[in-house]
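First the structure, in the form of structure tokens, and then the observations on it.
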Amino acid sequence: MTYYTLNRLLQGVLVLFLISLVTFFLINLAPGGPSSLINMESTAAEREARMRQYGLDAPAPVRYVRWLAGAVQGDLGNSINQGLPVTRLLSQRMGVTLQLAGYAMLLTTLFGVFLGVVAAMNHNRWPDHVVSFVSTIGMSVPNFWLGIVMIILFAVTLGWLPAAGSSTLGRGFDIVDRLRHAALPAGVLAFSLMPNVVRVTRSALLEVLASDFVRTARAKGLHQRAIVWKHTFKNALVPVISILGLITTVLLSGSVVIESVFGWAGLGRLAIDAASGRDYPVILGVTVLVGALTVLVNLLVDLLYAAADPRIRYG
Amino acid sequence: MADAAAVSARANRRKSRSRLWNKILRQPVGIAALVGILLLIALVTFGPELYPHSAHRTAPLATLKPPSAEHWLGTDELGRDVFARVMAGGRVSLAVGLVSMLVGLTIGSLAGGAAGYFGGLTESIIMRLVDVFMAIPAFFLILVIVTSFGNHPLMVILTVGFSFWPQMARPVYAEFKKFRNSEFVEASHALGGGHLRVMLKHIFPQVLPQAIVLATLGVGWAILSEAGLSYLGLGIQPPLASWGNMLQNAQAYLWLNPVLAIYPGLFIAVTVLLFNVLGNALRDVLDPRG
């Protein structure tokens with residue numbers, strides 16, 4: 001188990017290294033490259049000085065090695081537009097994104113698993129069809145548009161919930177206020193992620209429901225509900241856990257746009273601002289951090305397998 | 001003798017074709033989705049030619065008008081006709097969706113096919129790259145590329161397509177790996193067939209049903225990505241209309257005229273829904289395992 005965990009961690013580090021390599025060279029392959037950010041009105045001498053200041057005068061491979069040497073020591077360079085260390089920007093913004101992602105993941109899991117179970121218990125009857133219809137809608141509706149519609153409905157028309165921000169400005173920590181702000185963005189994200197969980201839960205449960213021990217349970221007269229929740233559900237859990245790992249990337253992608261719709265100052269917003277401002281160190285930093293989160297979640301998921309299914313043992 | 005064999009082969013083919021037809025006819029919802037998609041394509045292709053208003057002409061005195069017989073969906077903040085813009089934006093969004101799906105499918109099939117067929121070092125390198133790209137949330141990858149290479153419409157298409165090559169590469173890889181050592185591949189090699197011929201003529205047809213399903217679902221995904229990107233102001237740039245950048249404009253007028261934000265989103269949702277429904281129906285017909 002320890003060996004397995006260590007091995008996976010090592011692989012994760014390798015993937016992270018490759019992510020940084022790919023991102024760095026994608027950015028530097030671009031015509032013009034990072035130097036194009038420098039003001040067109042500046043003189044040639046000024047431009048050269050700026051280039052040297054940011055170390056842009058060195059060839060790309062040298063710059064990558066320098067960046068990597070810093071990154072290993074926890075220094076991701078400085079933001080070109082804000083002058084602040086990238087690590088500080090990331091740590092400022094990460095909390096908001098993790099909060100949003102956490103709520104969304106919770107809602108996705110609760111509703112996704114519940115609807116998946118409902119669909120499987122009523123296989124090919126109307127509740128199954130309704131769930132599948134709602135799932136297809138969730139897959140198809142652009143989440144940012146749903147966000148706008150929800151703002152129109154709940155903030156503009158009804159005035160029940162705030163339209164933007166993650167908390168009321170100037171107010172200290174207030175859990176009710178936080179939750180009121182999170183309700184719409186987290187709900188919208190969950191609605192678009194849910195179909196994945198529903199589909200996997202439904203098919204995993206259907207598969208287990210067709211197995212022999214379920215027939216035995218039924219034969220001894222157990223109630224359908226007892227069969228599903230006590231006997232079947234645990235066995236269907238493994239694929240459900242694995243899909244939660246897979247939708248992490250979708251969740252983080254989705255939060256980029258949703259943070260913009262609802263004006264949350266998270267990693268997604270940071271990435272967009274860096275992208276439109278061509279702030280290369282920040283983009284690189286955000287991508288690596290987001291990749292690290294993904295790798296970490298997937299490692300946790302693999303370890304959770306073993307907890308959910310004692311048959312799985314990592315050597 | 002040879003004639004008889006040819007006749008029976010033809011009869012078999014006809015039989016399997018009619019079986020396919022029967023399966024297709026059992027998917028009325030899928031057929032309806034296909035018809036819907038064709039109607040949408042017809043609307044965005046011919047609509048702008050038939051509708052009297054231009055998507056670009058502004059009218060400072062007739063801004064934010066409600067729907068009327070003159071302007072079917074009203075006018076936007078610059079007095080442009082919303083219905084004309086929806087059709088013009090649809091041209092762009094559908095084109096981006098279809099072409100970038102082809103881009104993703106091509107890159108994914110080539111990479112996945114090569115990895116599965118050749119194995120060894122090619123396999124390790126390509127599949128490790130797939131892992132890396134799967135670990136970067138697609139939207140961040142798109143942001144990185146668009147930042148560095150600019151947001152020319154062609155670049156947007158390439159970027160969105162490129163961002164889902166790993167999803168395409170995985171199933172293709174699995175199939176090619178499965179068939180690499182099968183007898184029909186060996187037979188073709190024995191007859192002097194080169195690698196390319198074996199891959200394209202003998203293995204790829206096995207993957208085709210799955211690829212068609214993935215591609216159909218991929219169009220919906222590509223349309224959503226382009227819309228999100230353009231909504232953020234990083235995709236298709238105004239004055240060229242796309243459903244995504246129309247929504248970006250509309251959000252500024254949410255309190256004044258919320259209806260503006262409804263139409264483009266509704267068109268995106270319906271279009272993606274049609275492609276998803278068609279994709280699911282195709283999966284039932286073509287891919288019994290899915």
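Tell me the helices (runs of 4 or more DSSP H) entirely within segment A:197-305 that contain at least 2 residues that are in contact (Cβ under 8 Å) with a residue 12 or more places away in the chain and more than 14 Å from chain B (Cβ to nearest Cβ). Explain how you work it out, then say what you get.
Details: elements: A:212-219, A:233-261, A:267-276.
Counting at least 2 such residues, we get A:212-219, A:233-261.
When you go through B:148, B:109 one by one, which is the residue that is in a helix (DSSP H, G or I) and free of Cβ contacts under 8 Å to residues at least 12 places away in the same chain?
On the way: B:109 fails: free of Cβ contacts under 8 Å to residues at least 12 places away in the same chain.
Going through B:148, B:109 in turn, the sole match is B:148.
Just checking, does segment B:72-85 include any residue being within 23 Å of the chain's Cα centre (by Cα) and aliphatic (A, V, I, L, M)?
Pass one, segment B:72-85, residues within 23 Å of the chain's Cα centre (by Cα): B:85.
Still in the running and aliphatic (A, V, I, L, M): none.
There is no residue in segment B:72-85 that is within 23 Å of the chain's Cα centre (by Cα) and aliphatic (A, V, I, L, M).
Output the number of residues of segment B:144-161 satisfying the condition of being more than 10 Å from chain A (Cβ to nearest Cβ) and of a type in the set (A, V, I, L, M, F, W, C).
6
Assuming residue B:233 fulfils every condition listed in (1) crowded, with 21+ Cβ neighbours inside 10 Å; (2) at positive phi apart from one, which condition is it?
The one condition residue B:233 does not meet is (1).
Across segment A:3-19, what is the total count of residues that are more than 10 Å from chain B (Cβ to nearest Cβ) and in contact (Cβ under 8 Å) with a residue 40 or more places away in the chain? Reasoning before the result, please.
Of segment A:3-19, the ones more than 10 Å from chain B (Cβ to nearest Cβ) are A:3-10, A:13.
Right, trim to in contact (Cβ under 8 Å) with a residue 40 or more places away in the chain and you get A:3-5, A:8-9.
Selection size over segment A:3-19: 5.
Failed condition for residue A:171, given (1) at pLDDT below 80; (2) within 14 Å of chain B (Cβ to nearest Cβ), with all others met?
(2)
Taking the residues in segment B:119-143 that are without any contact (Cβ under 8 Å) to a residue 60 or more places away in the chain and away from every other protein chain (no Cβ under 14 Å) as candidates, determine which candidate is surrounded by the most Cβ atoms within 10 Å (Cβ to Cβ). Steps first, answer last, please.
Quick first cut of segment B:119-143, residues without any contact (Cβ under 8 Å) to a residue 60 or more places away in the chain only: B:120-137, B:140-141.
Imposing the further condition that a residue be away from every other protein chain (no Cβ under 14 Å) reduces the set to B:120-123.
Working: B:120: 8, B:121: 8, B:122: 14, B:123: 17.
Among those residues, the one meeting the criterion is B:123.
I'd like to know if segment B:249-270 contains one or more residues that are of a type in the set (Val, Ile, Thr) and under 19 Å from the mean Cα position of the chain (by Cα). Before the answer, list the steps.
Step one: list which residues in segment B:249-270 are of a type in the set (Val, Ile, Thr), which gives B:259, B:262, B:268, B:270.
The next check asks that each one be under 19 Å from the mean Cα position of the chain (by Cα); those that pass are B:268, B:270.
Within segment B:249-270, one or more residues are of a type in the set (Val, Ile, Thr) and under 19 Å from the mean Cα position of the chain (by Cα).
Condition test on residue B:236, is it more than 30 Å from residue B:148 (Cα to Cα) and of a type outside the set (Lys, Arg)? Talk me through it step by step, then tell me what you get.
On the way: more than 30 Å from residue B:148 (Cα to Cα): no; of a type outside the set (Lys, Arg): yes.
So residue B:236 fails the test.
Report yes if some residue within segment A:186-207 is more than 26 Å from the chain's Cα centre (by Cα) and farther than 30 Å from residue A:151 by Cα; otherwise report no. Talk me through it step by step, then tell me what you get.
Within segment A:186-207, the first condition is being more than 26 Å from the chain's Cα centre (by Cα), and the residues that meet it are A:206-207.
Next cut, farther than 30 Å from residue A:151 by Cα only: A:206-207.
Yes, segment A:186-207 has at least one match.
Which of the residues spanning segment B:239-256 are more than 9 Å from every other protein chain (Cβ to nearest Cβ) and either within 20 Å of residue B:146 (Cα to Cα) or surrounded by fewer than 18 Cβ atoms within 10 Å (Cβ to Cβ) (or both)?
Here is the first cut: in segment B:239-256, the ones more than 9 Å from every other protein chain (Cβ to nearest Cβ) are B:239-242, B:245-246, B:248-249, B:252-253, B:256.
Listed by number, the residues that qualify are B:239, B:240, B:241, B:242, B:245, B:246, B:248, B:252, B:253, B:256.
Given segment A:57-149, what helices (runs of 4 or more DSSP H) lie entirely inside it while holding 2 or more residues that are within 14 Å of chain B (Cβ to nearest Cβ), closer than 30 Å to residue A:276 by Cβ and not acidic (Asp, Glu)? So that I can check it myself, show each step before the final result.
Working: elements: A:60-72, A:86-121, A:126-140.
In segment A:57-149, the matching helices (runs of 4 or more DSSP H) lie at A:86-121, A:126-140.
When you check residue A:157 against the structure, is it within 14 Å of chain B (Cβ to nearest Cβ), more than 24 Å from residue A:254 (Cβ to Cβ), at pLDDT below 80 and more than 21 Å from the chain's Cα centre (by Cα), yes or no? Write out each step before concluding.
Numbers: within 14 Å of chain B (Cβ to nearest Cβ): yes; more than 24 Å from residue A:254 (Cβ to Cβ): yes; at pLDDT below 80: yes; more than 21 Å from the chain's Cα centre (by Cα): yes.
Here the answer is yes, as residue A:157 does meet what is asked.
Assuming residue A:164 fulfils every condition listed in (1) crowded, with 16+ Cβ neighbours inside 10 Å; (2) part of a loop (DSSP other than H, G, I, E, B) apart from one, which condition is it?
Just one mismatch for residue A:164, condition (1).
The values are calculated or read from the model by the stated rules, or taken from the named source; none is laboratory data. All values reported here derive from a predicted model rather than from experimental measurement. Ideal geometry is used to build each Cβ from the backbone, glycine not excepted, and the neighbour counts take in all protein chains shown.
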